[in-house]
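Q: Input: one structure, supplied below.
The values are calculated or read from the model by the stated rules, or taken from the named source; none is laboratory data. This is a predicted model, so every value here is computed, not measured. So basically every Cβ, Gly included, is an ideal-geometry build from the backbone, and we count neighbours across all protein chains shown. SASA here: full protein model, heavy atoms, side chains in, ligands and nucleic acids out. Shrake-Rupley method; radii C 1.70, N 1.55, O 1.52, S 1.80 Å.
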2 protein chains.
Amino acid sequence: MRISQLSAASGVPIPTIKYYLREGLLPAGEQTSATRAEYGARHVRRLRLIRALLEVGRLPIAAIRKVLAAVDDETLSMHHVLGTAHYAIAPEIEPHPDDEAWHAARGEADRLIADLGWQVDAQAPTRDELAQVILTLDRLGLPATGEALRPYAEKAMELVAEHEIGVIPLDRTREEAVEALVVGTVVHGRALDVLRRLAQESASARIFGISGTSGD
Amino acid sequence: MRISQLSAASGVPIPTIKYYLREGLLPAGEQTSATRAEYGARHVRRLRLIRALLEVGRLPIAAIRKVLAAVDDETLSMHHVLGTAHYAIAPEIEPHPDDEAWHAARGEADRLIADLGWQVDAQAPTRDELAQVILTLDRLGLPATGEALRPYAEKAMELVAEHEIGVIPLDRTREEAVEALVVGTVVHGRALDVLRRLAQESASARIFGISGTSGD
DNA sequence: ATTATTGGATAGTACAACTAGCCAATGCCT
DNA sequence: AGGCATTGGCTAGTTGTACTATCCAATAAT
């Protein structure tokens, strides 16, 4: 399969494929001569994965590169790959050196995680993300203590996370399992968000009613 | 309050405040002379809201402008504001004129929504988002039919959405209620995503074990 | 032999979200 | 009343991201 065919098979334009090759997202094809390389089904698959992480997961190219590097590193366990993916997904949160409100929020986050009995790495950037959300809700005057978020976490998220991990096909190759894990993390997040908004619209229609003070 | 004090109170740099004023995100202060304007608590509040939507909700400036316009439009009902927010949140999905796979995915999405008995506008862009997620999962060979997503929707999201709508303070001013609605939509989405990833890490630690084939 | 395609490299584009600089008018302080 | 600092409004520049376009010489296909 040459580059033009890879482009046709994946729907990704040739210049973009070249860009992904340059950026190290896509492994080089097998060189058959100085000016020709052969691509295979694995490249099509990898392109699909890249596009999924990019378009549905909204990950930046740099994050995708890190995730794919973890996927390809056979020495990493499933749990480590997940950790790498989580690390890559987490947006940079600029440090708040000695911001008291920040530390309070971070403490609240840690307390919630501990109370739920969740086993989360002490260095996980996700803890900071949670602190940021708590801090933001707090600043806006909305309930944001651990207790307010707890029903979300307990009733809904444990169920979902359990299901997601359980759905990984462990009986196939490592690559397949690991890809499913990464996609599950990123794309299922999106799926859940979309479903939440749909449920929200439905609940809003029922509770507030469709009719408004006026139409738009 | 002058612009420098607004900047100090909100933590947003003056040039950025000027930028938001230009972009129509922040209403102009009350002009007290040709070269002086007075800002108030409402501006501080609005800046906090903007930063929340931007940093936590990751909405682009253009989307924030639309959301805020809906918040400020007193003729819109709660349900309409929510709809506007959902519309602004939804990323542009380029149309797939006569892509068969796309239509199948969209049909699957509509079927799922109907089966759940959810009351969702037929034109809601969220329907397309759901279709895109289904299509992506499908292309990657992961279970993505309505049935696969159904437990997510049923057991988890209805609960969450119900809770979110219920938490809106309807006994206060319209502005407060509407802001809570918008923030709830955007920031709670983030909160949930973060909690899901934390639960996932915990589930992964329990199921796969911390130990890997190797360290990182 | 000729025409088209490929890989590799470099440079340019488009958009988003700021950030910087300038200027004349004014406010505030003494 | 005089003078320095601040303000609002303007225009332009910067940074970062994800591409997109163009060239070029070396092949491969016909």
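Q: It is to be established whether one or more residues within the stretch B:120-137 are outside any helix (DSSP H, G or I), more than 9 Å from chain A (Cβ to nearest Cβ) and open to solvent by 40 Å² or more (accessible area, probe 1.4 Å).
A: yes
Q: Filter the stretch A:27-51 for residues that are within 12 Å of DNA strand D (Cβ to nearest atom) and either closer than 19 Å to A:GLY11 by Cβ or within 14 Å of chain B (Cβ to nearest Cβ) (or both) and give the result.
A: Residues satisfying the conditions are A:LEU47, A:ILE50, A:ARG51.
Q: Inside the stretch B:168-195, can you point out the residues that are free of Cβ contacts under 8 Å to residues at least 24 places away in the same chain, out of contact with any Asp or Glu (no Cβ under 8 Å at 6 or more places or on another chain) and at the interface with another protein chain (Cβ under 7 Å from one of its Cβ atoms)?
A: B:ALA180, B:ALA191, B:LEU195, listed by residue number.
Q: Kindly establish whether B:LYS66 is within 16 Å of DNA strand D (Cβ to nearest atom), more than 10 Å from every other protein chain (Cβ to nearest Cβ), in a helix (DSSP H, G or I) and of a type in the set (Lys, Arg).
A: So B:LYS66 fails the test.
Q: Return the residues of the stretch B:55-78 that are in contact with a Gly (Cβ under 7 Å, 6 or more places away or on another chain) and open to solvent by 30 Å² or more (accessible area, probe 1.4 Å); say none if nothing qualifies.
A: B:ARG65
Q: What residue, of A:ARG197, A:ARG111, A:ARG190, A:ARG172, is outside the structural domain of A:LEU49 (by TED's automatic domain parsing) and of a type in the set (Lys, Arg)?
A: A:ARG111
Q: Here are some conditions: (1) more than 7 Å from DNA strand C (Cβ to nearest atom); (2) in a loop (DSSP other than H, G, I, E, B); (3) under 21 Å from A:ARG65 (Cβ atoms). A:MET1 meets all but one. Which one does it not meet?
A: (3)
Q: Residues to consider are A:ALA101, A:ALA9; find the one that is touching a residue at least 12 places away in the same chain (Cβ under 8 Å), within 16 Å of DNA strand C (Cβ to nearest atom), within 14 Å of another protein chain (Cβ to nearest Cβ) and more than 23 Å from the chain's Cα centre (by Cα).
A: A:ALA9
Q: Find the residue count for the stretch B:84-105, including only residues that are part of a helix (DSSP H, G or I), open to solvent by 50 Å² or more (accessible area, probe 1.4 Å) and of a type outside the set (A, V, I, L, M, F, W, C).
A: Summing the residues that are part of a helix (DSSP H, G or I), open to solvent by 50 Å² or more (accessible area, probe 1.4 Å) and of a type outside the set (A, V, I, L, M, F, W, C) in the stretch B:84-105 gives 3.
Q: Which residues, counting only those in the stretch A:22-55, are assigned to a loop (DSSP other than H, G, I, E, B) and within 8 Å of DNA strand C (Cβ to nearest atom)?
A: Those that are assigned to a loop (DSSP other than H, G, I, E, B) and within 8 Å of DNA strand C (Cβ to nearest atom): A:ALA28, A:GLY29, A:ALA34, A:THR35, A:TYR39.
Q: Within the stretch B:106-116, is even one residue outside any loop (DSSP other than H, G, I, E, B), touching a Phe, Trp or Tyr at 6+ places or on another chain (Cβ under 8 Å) and within 10 Å of another protein chain (Cβ to nearest Cβ)?
A: Checked against the condition, which is being outside any loop (DSSP other than H, G, I, E, B), touching a Phe, Trp or Tyr at 6+ places or on another chain (Cβ under 8 Å) and within 10 Å of another protein chain (Cβ to nearest Cβ), the stretch B:106-116 yields no hits at all.
Q: Continuing with this model, one more query. Tally time: how many residues in the stretch B:8-54 are among the polar types (S, T, N, Q), crowded, with 17+ Cβ neighbours inside 10 Å and at pLDDT 95 or above?
A: 0
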